[in-house]
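Inspection log for the structure reproduced underneath, given as structure tokens.
The values are calculated or read from the model by the stated rules, or taken from the named source; none is laboratory data. Please read these numbers as outputs of a predicted model, since none were measured by experiment. Cβ placement follows ideal geometry from the backbone for every residue including glycine, while neighbour counts extend to all protein chains displayed.
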Amino acid sequence: MNDQLKGELTVSELTHLIKQTLEEGFYGLRVTGEISNFRPSSTGHWFFTLKDSSCAISAVMFKGATWKVDFSPKEGDKVTVIGSLDVYGARGTYQIKCDSMEKSGAGDILALLEKRKQRYAELGYFDPKHKKPIPKQLHTVGVVSSPTGAALRDILNILQRRAPSLSVLVLPATVQGDSAAQSVAKRIKQANDLLLCDILIVGRGGGSIEDLLPFSEDVVIQAIYDSEIPIISAVGHEIDFALSDFAADLRAPTPSAAAELVSQGFLDTLQQIQSLRAALVKEMAYRLTLASQRAKQWGLDSLQRSVLSTIEKREYVLANAGNNLQLELKQRLATASGRYEIAKRELQALNPLAILARGYTVVTDERGALVKSAKHSNVGQILHLRFIDGQRKVSVEE
Amino acid sequence: MSFETDVARIEEIAQKLNASDTTLEESITLFEEGMRLSKSLEKILTEAKQKVEIVLSENPEAAEITPFE
């Protein structure tokens, strides 16, 4: 380097050397100063000056880094930035390029919180055995938060969508400033004293580390620890934390997430009911199929058929039997009547009266004996003639 | 009559429907009861109108509660 400096240099060569030296030599700097001449650009970058009582240095924070800053810097803010030196050759200026920025003293706050956290941890305040389960069946959820904040709005939206039957009770609290911790603690205590709800969401939306401090105060930690009602701590964004997170029964990364946790039981119950109903339908369908199969086997149609066929068989036999009987009867009758006619005719033929009717007479003597031959009667003898309709006494003359 | 006992009742019905000693006639009655209960529960869960109230004072002795907004 020394060799290079001995020779003749162009402005560019010198600037390049300065740039190389400064940028390679000054990085990972932690610089504390006061913000002045703060000029946010329309493209999202921040330009400003960091100064103290005697010196100033230009500073820039590009868009890619500014979103991580949880407060809006303004004139006079005392901040600590982490960054590196950056040389702008065209103007021959140097500036500090900031990667992160926090309000000065934030480090002290973090250290204080860490110490407090240790103390309560040692006292057993964060012990898992103190954690109460989040009930599945809820009726009323209490929300300790600002009544006008985005956190409450998010919670109400999510609960309306996921668990509209859940009642919400707002316990308005100041969530920022000196009175906030007392306000939050009082509301937690009130909810417990009056048993106002089944679960409490205690929280607020995002903010600077100072904004979130009330949720790390002793009174709040104590109130959460003493609470009989299960508490979900929901402070700030995912990356934020407060000691209430450790004391609470459950930590939600955001207020919205707390509302999702609270309504999960409702979604589960709904799902349970729906799957139970599906099971009922399936089981019933199975039973009906079974029954209809059985009905086919033993059912009306086949039963009727079997009864009918039995009846038909019997009828046939019956009809047959009847026919036979009649036939036989007829035959017997016919035979009998035939025989009767014959017998009658025989009888008639044999009846002597019938012979008399044809004009014959029966001749008997006085003693009543048949006179069958002329030789057996003498002249002068008295004979009896028997006609069909009467008798006559005659005497033989020759 | 409470939500929890209703859910438990549906579970019981599902078990009975599954049991082999339940007659077809009983199962039809059970099925109808189960469907009726599950539908009314689902209605309660999904069609209710959200109730939001606010506790006015910080008084730990009494809560003055009114509808929110």
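Every residue, every condition in (1) in a loop (DSSP other than H, G, I, E, B); (2) within 27 Å of residue A:290 (Cβ to Cβ); (3) more than 9 Å from chain A (Cβ to nearest Cβ); (4) of a type in the set (D, E, K, R), yes or no:
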| position | (1), (2), (3), (4) |
| --- | --- |
| B:12 | no, yes, yes, yes |
| B:21 | yes, yes, yes, yes |
| B:46 | no, no, no, no |
| B:58 | yes, no, no, yes |
| B:62 | yes, no, no, no |
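With the structure loaded, tell me whether residue A:248 is within 14 Å of chain B (Cβ to nearest Cβ), under 21 Å from residue A:171 (Cβ atoms) and not β-branched (Val, Ile, Thr) or whether it fails that test. Taking the combined requirement at face value, the residue does not satisfy it. The set of residues in segment A:154-163 being at the interface with another protein chain (Cβ under 7 Å from one of its Cβ atoms) and surrounded by 18 or more Cβ atoms within 10 Å (Cβ to Cβ) consists of A:156, A:159. Would you mind stating whether residue A:115 is at the interface with chain B (Cβ under 10 Å from one of its Cβ atoms), farther than 18 Å from residue B:53 by Cβ and either modelled with pLDDT under 95 or not in a loop (DSSP other than H, G, I, E, B) (or both)? No. Among the residues of segment A:253-287, those that are touching a Ser or Thr at 6+ places or on another chain (Cβ under 8 Å), farther than 13 Å from residue B:14 by Cβ and within 11 Å of another protein chain (Cβ to nearest Cβ) comprise A:266, A:270.
The listed residues are A:77, A:52, A:86, and the only one of them that is of a type in the set (Asp, Glu) and in contact (Cβ under 8 Å) with a residue 60 or more places away in the chain turns out to be A:86. Residue-level check: of (1) touching a Pro at 6+ places or on another chain (Cβ under 7 Å); (2) more than 14 Å from every other protein chain (Cβ to nearest Cβ); (3) closer than 15 Å to residue A:141 by Cβ, residue A:198 misses just (2). From the list B:57, B:27, B:20, B:2, the lone residue that is without any contact (Cβ under 8 Å) to a residue 60 or more places away in the chain and surrounded by 15 or more Cβ atoms within 10 Å (Cβ to Cβ) is B:27. When residue A:142 is tested against (1) in a loop (DSSP other than H, G, I, E, B); (2) touching a helix residue (DSSP H, G or I) at 6+ places or on another chain (Cβ under 8 Å); (3) not polar (S, T, N, Q), exactly one condition is not met: (1). State which residue pairs qualify: first residue of a type in the set (D, E, K, R) and inside segment A:108-119, second residue surrounded by 10 or more Cβ atoms within 10 Å (Cβ to Cβ) and part of a helix (DSSP H, G or I) in any location, beta carbons under 6 Å apart, and separation of 6 or more residues or different chains. Qualifying pairs under 6 Å: A:117/A:243.
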